[in-house]
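Worksheet: the structure to be examined is printed underneath.
Values in this text are rule-based calculations from the coordinates and carry no lab data. Fair warning: this is a prediction, and the values are worked out from it, not measured in the lab. Cβ coordinates were reconstructed from backbone atoms using ideal geometry, including for glycine residues, and neighbour counts include every protein chain displayed.
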Amino acid sequence: MIRPVTALASLILGVVLLTGCTADPTPDEAESPMPTPSLELPSEGEIADHLGVSCADIIPADLARTLNTGGFEAGEPQPWPVDEPTFADGQICEWTDGTSEPALFGWAQATAAEAEAARRHLTDRGWATEDRDGLDAIVDPDTGAAYVFGSDDTVKFASTLDGAVAVIVPSPE
């Protein structure tokens, strides 16, 4: 059985590899790429203890019930993947039925600089900027996965834009 972290890493790696095929192989010498910040992430066990939030807590109860009715179960909260973009304070949750693509939901706190670096990183890889009712969203045109950047330094992520909009960012304790 594939562990959720392995499946998530494989999914993200696949997206990165597919988007990398269209990248310009010779960067413009005039532009220097922004270095990717290196952030220390909590371990799997620490994230649930530190945040005190389950995967069912970051989506509306109706959505959790719908997923459960469809045979999906929530995994344990995982630290934000280090693949990209990376945020130190947040979690990714995988809901799976064991047979189809998992539904992913996540949130993170981000500084303005981290959020801007993430936006730039995603748009450089072909993700489309979308304004839905004033939301600052960036959507992968191939998979539909989306990031929503809030004015309150929050970032929401999901397998779909509607899912990203639905994510509930936990209140600080």
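Residues GLU114, GLU101, arranged from fewest to most other Cβ atoms within 10 angstrom of their Cβ, appear as GLU101, GLU114.
Please check which bits of the stretch 99-121 a label hung off GLU73 would reach, taking the label as a point 7 Å along Cα-to-C-beta and the cut-off as backbone N under 20 Å. It comes to 99-105, nothing else. Converting phi to 3J(HN,Hα) with the Karplus coefficients 6.51, -1.76 and 1.60 and the offset θ = phi - 60°, the stretch 106-115 yields x, 8, 7, 8, 9, 6, 4, 5, 5, 5 Hz in sequence order, with x at every glycine or proline. Oblate is the label for the stretch 42-166. Its Cα gyration tensor axes, ordered a ≥ b ≥ c, give a/c of at least 1.5 and b/c at or above a/b. The residues neighbouring TRP127, those whose beta-carbon lies less than 11 Å from its own, together hold a net charge of -1 under the Lys/Arg +1, Asp/Glu -1 convention. Here the extension length gained between ARG65 and ARG120 equals 16.3 nm, from 0.36 nm per residue of separation less the Cα-Cα distance. Ranked by how many other Cβ atoms sit within 10 Å of their own Cβ, fewest first, the residues ARG65, ARG125 fall in the order ARG65, ARG125. Going by neighbour counts of Cβ atoms within 10 Å, the residues SER100, SER54, SER171 line up, fewest first, as SER171, SER100, SER54.
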